[in-house]
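The structure under discussion appears below in the form of structure tokens.
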Amino acid sequence: MSETQRDMEFGSGVAVETLGSTDEKAIAGRTPWQLARARLRRDKITMVVTGIVIASIVIAILAPVLTALGVLDPETFHPELIDPNTGGLPIDGGGGISWQHPLGVEPGTGRDVLSRIVLGVTFSMTVALSATIITVVLGTVAGLVAGFLGGRTDFAISRVIDMVLSFPQTLMLLALSGMFIDIITNAGVPAGNPSNGVYIVLVLGLFGWPTIARIIRGQVLSLREREFVEAAKSLGASNGRIFFKELLPNLWAPLLVYGTLLMPAYISAEAALSYLGVGIKPPTPTLGNLLTYSVNYAASDVTFFLFPAITIATLVLCFNLMGDGLRDALDPKADR
Amino acid sequence: MFAYVVRRIFVGVIMLFVMSLVTYLLFFAAPSDPARYTCGKNCSPELIEQNRKALGYDKPVLVQYGEFVKGVFVGREFPDDPELKKSAPETIASCPAPCLGYSPLQSATVTSLIAEAAPISISLAFMAFLMWMVFGISGGIIAALYKGRFADRALVGSALVVYSFPTFFIGLSLYIFVAIKWQLTPIPVYTPISEGGVGAWLSGLFLPSLTLALIYIAGYIRLTRAFVLESMGEDYIRTARAKGLPQRQIMGKHTMRAALTPIATVAGLDLGALLAGAIITETVFNYNGLGKLAVQAATTYDLPTTVGIVLVAAAFIITANIIVDVLYAVIDPRVKYS
């Protein structure tokens, strides 16, 4: 029996089972994950928003396929649907909403809004997810190393964390864009939107990791004093083994929660940076550049103005609520 | 306590030095040529070379950084050339301490650019701060008092919704609909107190600071609610109730004191970060504060200005950190630094 298996059994409440021998069914041992899932199932709001999040992920994955099949058509111009005399507003009022274009057409180009928003979700989520992964990986490694090794390593990493957190983030993302996008292009990424996208993902990750690192460091500081780590050490386990097999399994809960909460933050960040002129640019749609374009028509084409904003807000809201729900469900202090 | 404060300030100053070095290297040691960005579209090879010399970009980057630091403390001149100063003093731009560099694109010292923009950002930050503290905290307290009831749900729900929209969407909606289309407020233009008096200053600040405040109010409602609920569950609150203290005293004195202490910390840090400019809000309302200056500098590759603003912002953040930590010991008797 391996050490991890034994740990898991400790966690599953073997002790409870032996104590409650009178009524086995009522006091059956449950793992923390089972408890969390049971708590989640009782939390209706979290279940609903998780459903929406899963649905939007499915849509995001399907969108490129549907575009290739011709079901979604985000890039064809429809000059016949817009009126050049009004500065390119859709001809029939109400944003040009019709059966062919359920959310209307884009002023100025006549492109299908629904297709662009759906594909925008794909691109925005890809950016947000990649940045989240980088953030979580960097933060976890830094936090694990700092918390476990302690001493000078901890001091050094903690000071770097303080420093990165003291930089004005939005400003740095904006100011570094010119130079770093050139560097990324020179490194072999195709110029234009691929480089812009890689830049956004990289800098969001590079400026985002300290928060995760702090949280993980705090957790590791208390975990490393626990008996199972001591046991592993005395059995001669290497640091790598302790990191990945002993500590990491105990960090999944906070990582899952903060990872979920990073997604909406990065979806919003992509939008804000688009507004400032940094990031993936049209014709490739992202929720950020759609919203940035749509605010030009705030007064003249209200539906076009509202759809991208509502999409962003819905996604952000659902991810945030899901993160909160996960946190409540995974919190060992919560009522069982 | 005194020793603690001194130590924190010392560490803060060291951190600012390291950050200035990192920032300087990030922007000036990149493979692109900083001199190329000094003259915008009118660049001729001669002009580039002239600017390179005048601004000291021909020297190794660490020497440049040394001159930059020297400039902060004793000031410097561009170009630093005593002979030229004798023959043609009008060609020299002097930059008195604290000199954060010289922007050839704007033909001004970075310090003067920042000094011009700072009052706007600081006014905006303080107005927004007032709004979000008043409405955020009272909203959070109401939500906590009526936990699970309609008021709580309405407050927390609307906070969550507002929190989900991007700042620039909220700002532009307010600007386009409230100010322009419905004309409920005057179109916001920043007027210094010296020019239009307090009234014009306040009315110019209203919509931008409301935009900024809305996002923070949403956050603070949730934060305050959580802290108040947490302290309402403490044992000493039960004790206070058990010994028969009136509800008002329990809430006003025992609960709030414990709940608002951590909020003071968060608020201090948020304000510190905001003093260096609200980039999005200032861009939306076309306010020439530090945020707008930063956007302008970043998009025109005005490296000296960019570095200057980054450092000023970092200084604000570091200072806010120190003040908050020290303040924490004052308002929370349980915290003792040694």
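Listed by first and then second residue, the pairs with beta-carbon distance under 8 Å, at least 6 apart or on different chains, first residue in the stretch B:172-184 and within 15 Å of A:Ser300 (Cβ to Cβ), second among the charged types (D, E, K, R) and open to solvent by 30 Å² or more (accessible area, probe 1.4 Å), form an empty list.
The helices (runs of 4 or more DSSP H) found wholly in the stretch A:252-336 and carrying at least 2 residues that are more than 30 Å from A:Thr185 (Cα to Cα), open to solvent by 30 Å² or more (accessible area, probe 1.4 Å) and facing chain B (nearest Cβ under 10 Å) occupy A:302-330.
Hey, any hits in the stretch B:198-213 for a residue that's open to solvent by less than 60 Å² (accessible area, probe 1.4 Å), modelled with pLDDT of 85 or more and polar (S, T, N, Q)? Yes: the stretch B:198-213 contains one or more residues that are open to solvent by less than 60 Å² (accessible area, probe 1.4 Å), modelled with pLDDT of 85 or more and polar (S, T, N, Q). Taken together, A:Val201, A:Val220, A:Val229 contain a single residue that is farther than 19 Å from A:Leu173 by Cβ, of a type in the set (A, V, I, L, M) and crowded, with 22+ Cβ neighbours inside 10 Å, which is A:Val220.
Applying the set (1) farther than 18 Å from B:Met19 by Cβ; (2) within 12 Å of chain B (Cβ to nearest Cβ); (3) surrounded by fewer than 19 Cβ atoms within 10 Å (Cβ to Cβ) to A:Ser177 leaves exactly one unmet item: (3). Note on the stretch A:115-231: enclosed helices (runs of 4 or more DSSP H) holding 3 or more residues that are within 16 Å of the chain's Cα centre (by Cα) are A:193-223. Annotation note: of B:Phe129, B:Phe150, B:Phe135, B:Phe165, the sole residue that is aromatic (Phe, Trp, Tyr) and within 14 Å of chain A (Cβ to nearest Cβ) is B:Phe165. State yes or no: is B:Ala242 in the same structural domain as B:Ser203 (by TED's automatic domain parsing), open to solvent by 10 Å² or more (accessible area, probe 1.4 Å), modelled with pLDDT of 90 or more and of a type in the set (A, V, I, L, M, F, W, C)? Yes, satisfied. Would a scan of the stretch A:69-80 turn up a residue that is surrounded by fewer than 17 Cβ atoms within 10 Å (Cβ to Cβ), of a type in the set (A, V, I, L, M, F, W, C) and part of a helix (DSSP H, G or I)? So far as the stretch A:69-80 goes, yes, one or more of its residues are surrounded by fewer than 17 Cβ atoms within 10 Å (Cβ to Cβ), of a type in the set (A, V, I, L, M, F, W, C) and part of a helix (DSSP H, G or I). Under the condition of being of a type in the set (Val, Ile, Thr) and at pLDDT 90 or above, the residues counted in the stretch B:105-118 number 1.
Let's see how each residue does on (1) modelled with pLDDT under 90; (2) at positive phi; (3) among the hydrophobic types (A, V, I, L, M, F, W, C); (4) assigned by TED's automatic domain parsing to the domain that holds B:Ala313:
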position: B:Val72; (1), (2), (3), (4): yes, no, yes, no
position: B:Gly75; (1), (2), (3), (4): yes, yes, no, no
position: B:Ile120; (1), (2), (3), (4): no, no, yes, yes
position: B:Gly136; (1), (2), (3), (4): no, no, no, yes
position: B:Gly139; (1), (2), (3), (4): no, no, no, yes
position: B:Arg153; (1), (2), (3), (4): no, no, no, yes
position: B:Val161; (1), (2), (3), (4): no, no, yes, yes
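Conditions (1) out of contact with any Phe, Trp or Tyr (no Cβ under 6 Å at 6 or more places or on another chain); (2) among the basic types (Lys, Arg); (3) assigned to a helix (DSSP H, G or I); (4) closer than 22 Å to B:Ser123 by Cα, marked per residue:
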| residue | (1), (2), (3), (4) |
| --- | --- |
| B:Thr224 | yes, no, yes, no |
| B:Leu229 | yes, no, yes, no |
| B:Ile237 | yes, no, yes, no |
| B:Ala267 | yes, no, yes, yes |
| B:Leu274 | yes, no, yes, yes |
| B:Ala294 | yes, no, yes, yes |
| B:Ala298 | yes, no, yes, no |
| B:Val307 | no, no, yes, no |
| B:Ala329 | no, no, yes, no |
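In the stretch B:287-318, of all residues being hydroxyl-bearing (Ser, Thr, Tyr) and buried (at least 23 other Cβ atoms within 10 Å of the Cβ), the one that is farthest from the other protein chains (Cβ to nearest Cβ) corresponds to B:Tyr287.
The values are calculated or read from the model by the stated rules, or taken from the named source; none is laboratory data. The model shown is predicted, which means the values in this text are computed figures rather than measured ones. With ideal geometry, Cβ positions are generated from the backbone for all residues, glycine too; neighbour counts draw on all protein chains shown. These area figures cover heavy atoms from the full protein model, side chains too; ligands, DNA and RNA do not enter into them. Shrake-Rupley method; radii C 1.70, N 1.55, O 1.52, S 1.80 Å.
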